[in-house]
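The values are calculated or read from the model by the stated rules, or taken from the named source; none is laboratory data. None of the values given here were measured: they were computed from a predicted structure. Cβ coordinates were reconstructed from backbone atoms using ideal geometry, including for glycine residues, and neighbour counts include every protein chain displayed. The protein model used for the area step is the full one, side chains on, heavy atoms only, and it has no ligands, DNA or RNA in it. Shrake-Rupley method; radii C 1.70, N 1.55, O 1.52, S 1.80 Å.
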Amino acid sequence: MSSLIIVTIVFVILANTQKSKMSLPDIRNFSYEELLAYMKSIGESAFRAGQIFEWIYQKQVKHFSQMTNLSSHLQKRLQSDFVFFEPKVGEKQISSDGTTKILFDLNDNEKIETVLIPVKSRTTVCISTQAGCKFGCKFCASGIGGWKRNLSVAEIMNQVLYVKEEAQKHDNPLSHIVFMGVGEPLDNFSNLMKAIRIINHKKGINIGARRITVSTCGVIPNILQLGREGLQIELAISLHGYDNESRDVLMPVNKKYPFDDLIQACKDYQRNYRRQITFEYILIKGVTCSEKAIKALKKAFKGLICKMNLIPYNPVLEFNHKTPSRQDMFKFRDQLKSFGIHATIRSPRGQDIAAACGQLRIKKK
Ligand code: SAH
């Protein structure tokens with residue numbers, strides 16, 4: 001983006017928010033480039049943007065007065081132009097396997113969930129990108145209450161910062177980010193991209209792109225756009241059907257972006273960007289875990305180099321599905337492996353606190 005456009009964006013954001021403290025923008029909505037442009041616009045040196053990024057994302061301060069290497073003049077200026085909105089932590093539940101689910105109350109009373117998953121040497125955070133979900137998959141709790149709104153960059157970054165602090169307390173530095181919480185990340189594309197760039201930035205959270213995974217239910221145009229962004233992040237596709245018909249039944253998004261087009265888009269993505277794709281495939285007894293599914297997947301995956309993450313169905317009250325037996329799931333995995341698909345079964349985490357895949361939902365009191 002040209003710096004002129006960025007300066008204009010910054011001025012528009014600021015001009016619209018000078019009225020009262022309440023309407024000032026959260027500084028965590030700003031990309032590094034936008035902060036640079038802001039510094040230029042108020043006659044400050046460019047390196048101040050880096051210093052501020054470090055204060056926010058590495059030293060994790062939440063008051064401009066704590067940014068002690070800035071002049072008091074700049075601290076005051078920042079105070080009059082920006083705020084830090086703090087969402088309230090509504091509830092925190094810890095599973096017997098160490099998985100922690102955090103419910104945040106946002107400023108407009110919408111609620112989102114974030115999950116911290118410590119597994120051996122990794123500490124992963126599962127981030128929500130929307131309040132509610134509009135995609136209505138017929139096995140997932142997140143879509144049951146409908147869609148409310150997109151999360152801002154600051155609301156996404158706040159989840160990361162909160163969990164980063166939690167992880168540090170337990171001596172397990174945050175190492176991986178997965179956009180697999182409530183909502184569809186690719187349906188909130190520009191905020192997602194800004195957040196990823198802040199997470200990846202050396203002076204930001206500083207987590208390598210290969211440790212950041214975006215999961216999508218298959219919004220094809222945005223998958224292709226993601227490729228063009230030039231980031232080395234991991235892409236996960238929630239496939240869950242083995243052909244057009246079976247996917248139609250489980251995922252309404254398949255009507256708009258059908259199975260065959262999705263597989264073709266994945267092949268194009270792989271060829272153009274040389275990135276391996278992970279497919280997520282839910283194992284539902286008699287629905288997706290069958291001989292018919294094996295045959296169809298073998299055909300569909302010809303020519304694709306991919307990993308397949310098999311997710312045992314996690315029970316959701318509103319749906320009548322059943323999890324297959326362990327024996328059937330292992331058999332399914334082994335059959336996929338026998339024709340060259342690198343398939344593994346994901347072990348469910350946080351099931352006892354409804355924090356496992358597809359169990360996140362917003363309970364309104
Ligand atoms: N909208 C994005 C991000 C959500 S990721 C996407 O669809 O990819 C959440 C993952 O959990 C997805 O792969 C989703 O399909 C899976 N999931 C949803 N409900 C589930 C359930 N009941 N059991 C197991 N996995 C489920």
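Going Cα to Cα from Lys322, which lysines come in below 25 Å? Please leave out same-chain ones fewer than 8 positions away.
Lys101, Lys134, Lys138, Lys255, Lys285, Lys292, Lys295, Lys298, Lys307, Lys331, Lys337, Lys363
Could you work out how far helix 326-338 tilts from the main Cα principal axis of the chain, as a 0 to 90 degree angle to the nearest 10?
The helix 326-338 is inclined about 90 degrees to the chain.
Bin all alpha-carbon pair distances of the stretch 213-299 at 10 Å intervals from 0 and give each bin's fraction as a whole percent.
Result, from short to long distances: 17, 51, 27, 5, 0 percent.
DSSP beta bridges in the chain, what fraction antiparallel, as a percent rounded to 5?
Once the DSSP bridges in the chain are tallied, antiparallel ones form about 45 percent.
Compute the angle between helix 3-15 and the longest alpha-carbon principal axis of the chain, please, reported from 0 to 90 degrees and rounded to the nearest 10.
80
How large is the accessible surface per residue of the chain, computed with a 1.4 Å probe and reported in Å² as a whole number?
46
Check Ile112: other-chain or 5+ apart residues with amide H under 5 Å from its amide H, H built from backbone geometry?
Amide H neighbours of Ile112: Phe104, Leu106.
Sticking to Cα atoms, compute the Rg of the chain to one decimal and its Dmax as the biggest Cα-Cα distance, whole number, in Å.
21.6, 70
When you have a sec, figure out the Kirkwood radius of the stretch 33-145 from all distinct Cα pair distances and drop it here in Å to one decimal?
17.3 Å is the Kirkwood radius here.
Where does helix 72-81 land angle-wise versus the long Cα axis of the chain, in degrees 0 to 90, nearest 10?
50
List the trypsin sites (Lys or Arg not before Pro) within the stretch 201-252 that DSSP assigns to loop and that have no more than 13 neighbouring Cβ atoms inside 10 Å.
Lys202
By how many nm would the segment from Ser71 to Ile305 lengthen if fully extended, with 0.36 nm per residue of separation less the alpha-carbon distance?
In short, 78.9 nm is gained.
What trypsin sites (Lys or Arg not before Pro) in the stretch 253-306 are in a loop by DSSP, with at most 12 other Cβ atoms within 10 Å of the Cβ?
Those satisfying the criteria are Arg274, Lys302.
Once you have the Cα-Cα distance between Phe330 and Lys285, take 0.36 nm times their residue separation minus that, and quote the gain in nm to one decimal.
Between Phe330 and Lys285, full extension yields 14.9 nm more.
Could you tell me the calculated FRET efficiency between Asp261 and Gln232, based on Cβ-Cβ distance and R0 = 22 angstrom, to the nearest 0.05?
The pair Asp261/Gln232 has a calculated efficiency of 0.30.
At 1.4 Å probe size, put Ile144, Ile56 in order of accessible surface, largest to smallest.
Heavy-atom accessible area, descending, gives Ile144, Ile56.
Any idea which of Val89, Phe330, Asn200 is furthest toward the positive side of the dipole for the chain, if Lys and Arg beta-carbons carry +1 and Asp and Glu beta-carbons -1?
Phe330
Taking θ = phi - 60°, what integer Hz values does the Karplus form 6.51 cos²θ - 1.76 cosθ + 1.60 yield along the stretch 37-52, in sequence order, with x for Gly and Pro?
Once θ is set to phi - 60°, the couplings for the stretch 37-52 become 5, 5, 4, 4, 5, 10, x, 9, 6, 4, 5, 4, 4, x, 4, 5 Hz.
Full extension from Lys202 to Asp171: what is 0.36 nm times the residue separation minus their Cα-Cα distance, to one decimal in nm?
Net length gain for the segment: 9.0 nm.
Sort Ser347, Ser175 by heavy-atom solvent-accessible area, probe 1.4 angstrom, most to least.
Ser347, Ser175
With all protein chains present, how much of the accessible area of the stretch 184-332 (probe radius 1.4 Å) comes from carbon and sulfur, to the nearest whole percent?
Carbon plus sulfur share of accessible area: 50 percent.
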